[in-house]
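Single-structure report; data block below.
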Amino acid sequence: MGAEFFFGSLFLLLIISSIVLSWVNFFTLQKLKSTLAELEQQKASTSQPAIQPTFANDTLIVDEIVTPPKGITSLDTQPLAASPAPVIDIWGRQSHPESLHQKTPHQKAQKTSSTKSGHWMVWLGGLCVALSGIFLARYSIEEGLLGPTARITLGIITGLGLLVAAEWLRRKTQVAFSAVAALAGGASVMLYSVILASLHLYQLWPPLLVFALLALVSLGSMLLALWHGPALAVIGITGAYLVPLLLGESDGDPLLVQIYVLIITAAALFLQQYVQRTWLLAITLAGIFGWWWLMQITGSGLESMGLYLTLAGYCLISIPHANFSLKKIFPDQPVKRSLRAFFRIKSLDQQQLVIGLALTLLAQAISILLNPAWESALVTWTPLLLLVLIASTRNENLKLLPWLSALLMILAIVFSLLSTQLFMGIRITAEHSVALQQLLLVWTLIYVVFATMHRCKTRYPALTLSLGTLFPLLALALLWQFTKLPIHSSFVAATSLILGLAYIGRGHMRQQRDPSKSWLIFAGHLGYSLAMVIFFDTATLTLALAAQVVSLAWLHQQHPNGLLSGLMKIILMLIMARLTLLPWVGPQFETSLLIYVGCFALAVIASRMNQSPSLRSWLEGASLHLGVLLCAMALRYFLYDGDMFRRQFNLTEASLNGLLWGSLGLVYYYRGFLSDYLKPLYHQAAELLLIAFVFSYVLTLTWFNPLFNANDLVSSTPIANMLLLAYGAPLLLFILAGRFYKTSYRTGFYALAGIGTWIFLNFEIRHLWQGELSFYPRAESGELYTYSLVWLVMAAASLLYGTLRQHQKLYQTGMLLLMVTIGKIFLIDMSGLTGLLRVASFMGLGLCLLGLAFTHQYLARSQNTKRAEMAPE
């Protein structure tokens, strides 16, 4: 034990002395660089020969003297204004902002040559050096060649020797070659591995000493990276994160690994204070969350996972800006107030901080989802939320993270409970229910206190207030839905209703332009909605929610606000979806006709109360939707004797569905013209609904046609029977679609209307003469004459209307029907006539045709005369 303590103390002294000497050299080098810049400035001002810097692997080398051209002296011209010479270090940083993106051809050539010839060898070489130390330790363990003390001593000596060699080469050449940096990076990884192995594998040294040594190695490596360049940083940080994985032992303490990863993270973020690189942060985040996910899937270190993520988040916040007390102020001052400016973060370091903390919150949410640990959830998952809330009070760039934390934690809890109930069939136990209640209660107090204390100190009070008012309602919803309360659920409903009324009352006390006013009214209506959900059943709940639309319309009329109109639209969309779809899902969602009447009436009242053009148009469209639903349900109620949701599919059901789809298709086509942004979506929905309507109509003509399928659905009552609903009512929708729908579809809908009219009249004639609709018995002469008369009237109307409107296709259709009618009369109707009946029949047909021809010629002549008079002379 004395030898071990001696070697450990010796190594600690060596590390401390090397770090002190490195810091001294660092500040000395900075002073020499500034002195060199001043000398170059003085020489440039006196037109003396200037020093031209060249570069090797992004490193400044003074190797060339540029002499002014002959014939130009300081007496011939005035000296130019002095400009400081740019000083470029190994990380590519310059003293001149103007020349930040300007590179000489010599620089570009050397950088390209270096990239092509040596970079792949640099990275591969550094990786091999790092792996050699790790594999040497593993080989000595597997073969039993050396004892634990000897292995650790050999690794430390080798790593220190390589570090000394790399530093000696840098000082000797006065150039920071990337190959030398890779050698130093491999040496750092070797030191990480052997020091961690002394505790993780052998328990050779006490944990405090090991972590102190790891911290010193980390700080020393990051300090050396300032001189040796990115190669040392990349190899050192990446290799350090991989060391516990490459050691190959799985029975170690995961808490030690987490502490080790946090030490490496702190060192990498410490380097971010001096050189801000996106790839450096990416490697750091990959190390943090890579080890988090590895422990998550292996089930190790889950007890301390919340503390691990909290400390990682603290490192991300504090170390890059030396903000260890979290008291530094970072204001967010957008140029103008807009939604884009609200979400924009200009500073790169603040963008990286927001991304890092958001990923940390997401990692904690996934941890809660996979392993909630309800017994210790309060202690495990609360610290990170407190850290984010405290940091956001001084850093306005983090203004959205409190809301993000609340949403992610709520979603994690919901999905965790749902997954255990749905997939595992396990409901939450009484002990876990109490723990969840405590967790939600504490979180609610935290968010409410945060909103109360921070609302007056931020430039976004509405954002903070919304979190403080809405989170209690979310917590109440979770308590009611997932936990076994020791009290009745009506207490939750009463609490939610009281909160909602308090929010609304408080909102009315605010000033007109106060943005918090809208959030309070919004939260108040959500509280009311939650109370109604708990109090009432599914049917009555729909009407209770619809009542909010009227109050929101009145409030929006008094205080116009986009938040209130958005809430109104959401409620109405939920009601329309509830009344349109859910009744067909299950019997528990069936509702009465009075609910449809009430929702339609409330929507109409809301549309009449609001005077905003865009919102009023939207409410009118929603009222039309609910009106169509009301008519359809009233028709079902009448046809099915009160059983509106009879689940069968026949001629009646196909006819009702077709009428509903066609009516909604026209409604949504109309609503598309009332919407500014959703017009394509509305028109696409209208097209799909009209296609379904046409398909349903074709189905009634084929599969459910009463001529082919004898049934008792068509009663013996003339005209007012199922034929009127199945084949007469669709004609009105066809005509409306032809009149108002897209121009490219109008001809098709008019054609369907004409064909449908012909079919409907024939069905009615057959039903009128026979009392039923079937192919049997055979038609008598009176029925045949009725067909001919009706066809002749339809043909005449088509010819005359086509002539008046100059509609060629309609005229041709009427002519075709007329020819069919004449053929039917000659071949079928008059085939059995004799004597005076034949004479009278031919006389009547001839007079009808002559009269029709005269009318057609007269109308055509009148049309030609009008066109001639209107034509220019």
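The values are calculated or read from the model by the stated rules, or taken from the named source; none is laboratory data. Only a predicted model underlies this, so the values are computations on that prediction, with no experimental measurement involved. Cβ placement follows ideal geometry from the backbone for every residue including glycine, while neighbour counts extend to all protein chains displayed. Just so you know, the surface numbers come from the protein's heavy atoms only, side chains and all, with ligands and any DNA or RNA stripped out. Shrake-Rupley method; radii C 1.70, N 1.55, O 1.52, S 1.80 Å.
Going through 415, 423 one at a time, which residue ends up being among the aromatic types (Phe, Trp, Tyr), open to solvent by 10 Å² or more (accessible area, probe 1.4 Å), more than 27 Å from residue 332 (Cβ to Cβ) and modelled with pLDDT of 90 or more?
Only one candidate passes the filter, namely 415.
From the set of residues in segment 759-797 that are of a type in the set (Val, Ile, Thr) and farther than 15 Å from residue 716 by Cα, which is most open to solvent (accessible area, probe 1.4 Å)?
793
Filter segment 631-662 down to the residues that are assigned to a helix (DSSP H, G or I), open to solvent by less than 30 Å² (accessible area, probe 1.4 Å), over 20 Å from residue 737 (Cβ atoms) and not charged (D, E, K, R) and list them by number.
Selection gives 633, 651, 652.
Mind listing just one residue for me: the one in segment 673-698 that is at pLDDT 90 or above and small (Gly, Ala, Ser) and, of those, farthest from residue 726 (Cα to Cα)?
685
Can you tell me how many residues in segment 273-286 are open to solvent by less than 10 Å² (accessible area, probe 1.4 Å) and either outside any helix (DSSP H, G or I) or not β-branched (Val, Ile, Thr) (or both)?
Of the residues in segment 273-286, 2 are open to solvent by less than 10 Å² (accessible area, probe 1.4 Å) and either outside any helix (DSSP H, G or I) or not β-branched (Val, Ile, Thr) (or both).
Please specify each residue of segment 731-758 satisfying the condition of being of a type outside the set (Gly, Ala, Ser), closer than 15 Å to residue 667 by Cα and open to solvent by less than 80 Å² (accessible area, probe 1.4 Å).
Hits for segment 731-758 are 733, 734, 736, 741, 742.
Which condition number does residue 806 fail, the rest of (1) surrounded by 14 or more Cβ atoms within 10 Å (Cβ to Cβ); (2) modelled with pLDDT of 70 or more being met?
Checking residue 806 against (1) surrounded by 14 or more Cβ atoms within 10 Å (Cβ to Cβ); (2) modelled with pLDDT of 70 or more, the one that fails is (1).
Can you find even one residue in segment 556-566 that is open to solvent by 20 Å² or more (accessible area, probe 1.4 Å), closer than 22 Å to residue 595 by Cβ and free of Cβ contacts under 8 Å to residues at least 60 places away in the same chain?
no
Within segment 371-408, which residues are of a type in the set (S, T, N, Q), within 23 Å of residue 304 (Cβ to Cβ) and assigned to a helix (DSSP H, G or I)?
Result: 376, 380, 382, 405.
Kindly check whether there is at least one residue in segment 481-493 that is under 24 Å from residue 364 (Cβ atoms) and open to solvent by 30 Å² or more (accessible area, probe 1.4 Å).
So far as segment 481-493 goes, yes, one or more of its residues are under 24 Å from residue 364 (Cβ atoms) and open to solvent by 30 Å² or more (accessible area, probe 1.4 Å).
Given the condition under 18 Å from residue 621 (Cα atoms) and either within 33 Å of the chain's Cα centre (by Cα) or among the aliphatic types (A, V, I, L, M) (or both), answer yes or no: does some residue in segment 691-714 qualify?
no
I'd like the full set of residues that are open to solvent by less than 10 Å² (accessible area, probe 1.4 Å) and within 15 Å of residue 321 (Cβ to Cβ), limited to segment 256-271.
Residues satisfying the conditions are 268, 269, 271.
Evaluate segment 310-321: report whether one residue or more is within 27 Å of residue 273 (Cβ to Cβ), at pLDDT below 85 and surrounded by 14 or more Cβ atoms within 10 Å (Cβ to Cβ).
Scanning segment 310-321, I find no residue that is within 27 Å of residue 273 (Cβ to Cβ), at pLDDT below 85 and surrounded by 14 or more Cβ atoms within 10 Å (Cβ to Cβ), so the answer is no.
Only one of 413, 426, 368 is touching a Ser or Thr at 6+ places or on another chain (Cβ under 8 Å), aliphatic (A, V, I, L, M), in a helix (DSSP H, G or I) and under 24 Å from residue 476 (Cα atoms). Can you tell me which?
Of the residues listed, the single one that is touching a Ser or Thr at 6+ places or on another chain (Cβ under 8 Å), aliphatic (A, V, I, L, M), in a helix (DSSP H, G or I) and under 24 Å from residue 476 (Cα atoms) is 368.
Show the residue pairs that are 6+ apart or on different chains and have beta-carbon atoms under 7 Å apart, the first residue being within segment 675-687 and surrounded by 16 or more Cβ atoms within 10 Å (Cβ to Cβ), the second being not in a helix (DSSP H, G or I).
From segment 675-687, the pairs are 682/675.
When you scan segment 705-730, how many residues do you find that are open to solvent by 30 Å² or more (accessible area, probe 1.4 Å) and of a type outside the set (Asp, Glu)?
14
Out of 406, 462, 475, 451, which single residue is touching a Gly at 6+ places or on another chain (Cβ under 6 Å), open to solvent by less than 20 Å² (accessible area, probe 1.4 Å), among the small types (Gly, Ala, Ser) and under 22 Å from residue 529 (Cβ atoms)?
From the options 406, 462, 475, 451, the qualifying one is 451.
Tell me, please, whether a residue that is crowded, with 16+ Cβ neighbours inside 10 Å, assigned to a loop (DSSP other than H, G, I, E, B), at pLDDT below 85 and of a type in the set (Ser, Thr, Tyr) can be found in segment 590-613.
Yes, that holds for at least one residue.
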